[in-house]
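Student: Got a structure here, written out as structure tokens. Questions coming.
A short reminder: the numbers here are calculations on the coordinates, not readings from a lab. Worth saying up front: this structure is predicted, and the values here are computed from it rather than measured. We place every Cβ from the backbone using ideal geometry, glycine too, and count neighbours over all the protein chains shown.
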């Protein structure tokens, strides 16, 4: 695998930002690993970080590079700070950066497929929210989406001690996020009613996680739809032991060719 730490200028953010990228590489002489590259334009997993981290965290806290080495897929991990992948009321336009600029820039730098069936998105905690929002708002961009211990109720998150009220106010200002494009419960209803392709959804959460009850509520809402939905739970908290294990389950679940 090729491991690339990429710094580039974002026209949307109007600043230099970063993404960490893993690219398939066909190797034969590298000891202790097997790597494959299946096609010229790679299937791609956009992998999103949580509230307190950055684009490097998945490679520092999990073995994601080793897990994908035999799958022949690329992994793109962007940096969005504490934005909740949203166009902030008092901050930068991270939603526009995420769904418009990031794929375009990444595909201009690297041989990544633009086909819907070749693109997936996943994330943990705040990144789980970002992944679900991206796939549900732009269902023609992704074949599948996965949320690991995701923030599923963006309205309720302001009451969670681990998220400061300052963050919420900076992101949403005076806006009521309920029944808007930032509300996952509202989005699944809209996607369920639409015609055309819809992404497969995978959701998991540890039973000792502080977001567990919100995840249960979102699971119940998904089960009321006709969406292709998979839910898993087991003992676990909001930590990297759980996420390192579950990202392997996500990779096994994804429709990778």
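Student: Please give the calculated 222 nm ellipticity per residue for the chain, where each DSSP H segment of at least 4 residues contributes -39500 (n - 2.57) and the sum is spread over every residue; nearest 500 deg cm²/dmol?
Tutor: Computed mean residue ellipticity for the chain: -8000 deg cm²/dmol.
Student: Additional query: Can you sort 77, 88 by how many other beta carbons sit within 10 Å, fewest first?
Tutor: 88, 77
Student: What percentage of all Cα-Cα pairs in the chain are separated by more than 26 Å?
Tutor: Values: 11908 of 32896 pairs.
The answer is 36 percent, as a whole percent.
Student: Counting only DSSP beta bridges with both residues in the stretch 2-253, what percent are antiparallel, rounded to the nearest 5?
Tutor: So the antiparallel bridges in the stretch 2-253 amount to around 35 percent.
Student: I'd like the distance separating the alpha-carbon centroids of the stretch 67-115 and the stretch 209-257, in whole Å.
Tutor: Each part reduced to its Cα centre gives a spacing of 21 Å.
Student: Quick check on the stretch 42-182: what does the Kirkwood estimate of hydrodynamic radius come out to from the alpha carbon pairs, in Å? Intermediate values should be presented prior to the final figure.
Tutor: On the way: mean 1/r = 0.0647 Å⁻¹.
Hydrodynamic radius (Kirkwood, Cα pairs) of the stretch 42-182 is 15.5 Å.
Student: Here's a follow-up. Of the candidates 150, 173, 128, which one comes out as most mobile in a Gaussian network treatment of the chain with C-alpha springs shorter than 10 Å?
Tutor: Maximum among the listed residues: 173.
Student: Pick from 160, 21, 76: which residue has the top mean-square fluctuation in a GNM of the chain where Cα pairs under 10 Å get a spring?
Tutor: 160
Student: Is the stretch 62-117 best put as rounded, prolate or oblate by its Cα gyration tensor, with a ≥ b ≥ c the root eigenvalues, rounded for a/c under 1.5, and otherwise prolate when a/b is larger than b/c, oblate when not?
Tutor: Oblate is the answer for the stretch 62-117, as a/c is 1.5 or above yet b/c matches or exceeds a/b.
Student: Tilt of helix 212-223 relative to the longest C-alpha principal axis of the chain, in degrees (0 to 90, nearest 10)?
Tutor: With rounding to tens, the tilt is 80 degrees.
Student: Still on this model: With a 10 Å cut-off between alpha carbons and a GNM built on the chain, which of 52, 149, 113 moves the most?
Tutor: Evaluated over the chain, the most mobile residue of the options is 52.
Student: Specify whether the C-alpha gyration tensor of the stretch 180-257 places it in the rounded, prolate or oblate class, a ≥ b ≥ c being the square roots of the eigenvalues: rounded for a/c under 1.5, otherwise prolate if a/b is larger than b/c and oblate if not. Mind showing how you got there, number by number?
Tutor: Details: a/c = 2.45, a/b = 1.38, b/c = 1.77.
Cα axes put the stretch 180-257 in the oblate bin.
Student: With everything on Cα atoms, drop me the angle between helix 184-193 and the longest principal axis of the chain, reported from 0 to 90° to the nearest 10.
Tutor: 70 degrees
Student: Then there is this: Peptides 209-220, 100-111: what's the order by average Cβ count within 10 Å, highest mean first?
Tutor: So the peptides 209-220, 100-111, ranked by packing, come out 209-220, 100-111.
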